[in-house]
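Quick notes on the structure that follows.
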């Protein structure tokens with residue numbers, strides 16, 4: 001299941017994150033992947049301001065109830081990358097464990113991309129997911145995000161012109177199984193529909209009990 005989130009970052013927040021990232025030193029993206037698959041650049045960490053950009057993106061995601069209902073996040077890590085003309089990332093699956101150089105690695109249950117470039121300013125560079133129903137091609141507005149299972153094969157098509165910037169990251173969920181996460185997300189959506197349609201009923205409390213018991217049964221903390 002692919003979750004699309006609109007306006008995770010508003011235009012001023014996109015501009016602020018871009019300002020910080022554009023000032024960073026960029027290194028060969030192959031340091032975090034196979035050079036035969038990956039030809040891109042990633043921003044080198046190391047400054048307090050860079051940490052602020054990371055926290056701004058994570059904070060914006062965590063402010064979204066739909067994101068939390070879908071991911072049930074325990075830990076999140078991310079990096080910023082850039083694709084210039086000719087750059088690409090061939091079909092691949094994200095590593096099962098991410099991080100570890102500076103901190104304890106996390107299990108990658110879900111991956112995400114937050115787009116930081118106006119799609120009209122670059123040609124090519126579509127994000128392509130291999131789904132059971134065929135390829136799904138994504139090219140989102142700046143500030144939008146997608147979240148998807150880390151086990152899904154995906155790629156970034158070659159950039160023909162312009163430059164594509166983004167924040168990419170990985171989530172260790174408190175719900176290990178994708179089926180569990182989908183059930184939790186469906187229950188959350190039904191709860192919101194019921195509460196909106198019947199605001200004075202006992203449905204909210206009953207849905208809260210159901211969600212609470214599912215988390216009590218499944219959550220890894």
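The values are calculated or read from the model by the stated rules, or taken from the named source; none is laboratory data. Since the model is a prediction, treat every value here as computed from it, not as a measurement. Here Cβ is always computed from backbone atoms with ideal geometry, including for glycine, and neighbour counts include all displayed protein chains.
Looking at this structure, is residue 153 loosely packed, with under 15 Cβ neighbours inside 10 Å, in contact with a strand residue (DSSP E or B) (Cβ under 7 Å, 6 or more places away or on another chain), assigned by TED's automatic domain parsing to the domain that holds residue 17 and closer than 19 Å to residue 38 by Cβ? Taking the combined requirement at face value, the residue satisfies it. For region 88-107, the count of residues that are modelled with pLDDT of 95 or more, under 23 Å from residue 20 (Cα atoms) and within 17 Å of the chain's Cα centre (by Cα) is zero.
Being in a strand (DSSP E or B) and over 30 Å from residue 176 (Cα atoms) is a condition met by no residue of region 134-148.
Considering 134, 162, the condition of being touching a residue at least 60 places away in the same chain (Cβ under 8 Å) and on the phi > 0 side of the Ramachandran plot is satisfied by 162 alone. Scanning region 108-131 for residues that are over 17 Å from residue 22 (Cα atoms) and in a strand (DSSP E or B) yields 110, 111, 112, 113, 123, 124, 127, 128, 129, 130, 131.
State whether the residues of region 184-196 include one that is more than 18 Å from residue 3 (Cβ to Cβ), touching a residue at least 40 places away in the same chain (Cβ under 8 Å) and not in a strand (DSSP E or B). No: region 184-196 contains no residue that is more than 18 Å from residue 3 (Cβ to Cβ), touching a residue at least 40 places away in the same chain (Cβ under 8 Å) and not in a strand (DSSP E or B).
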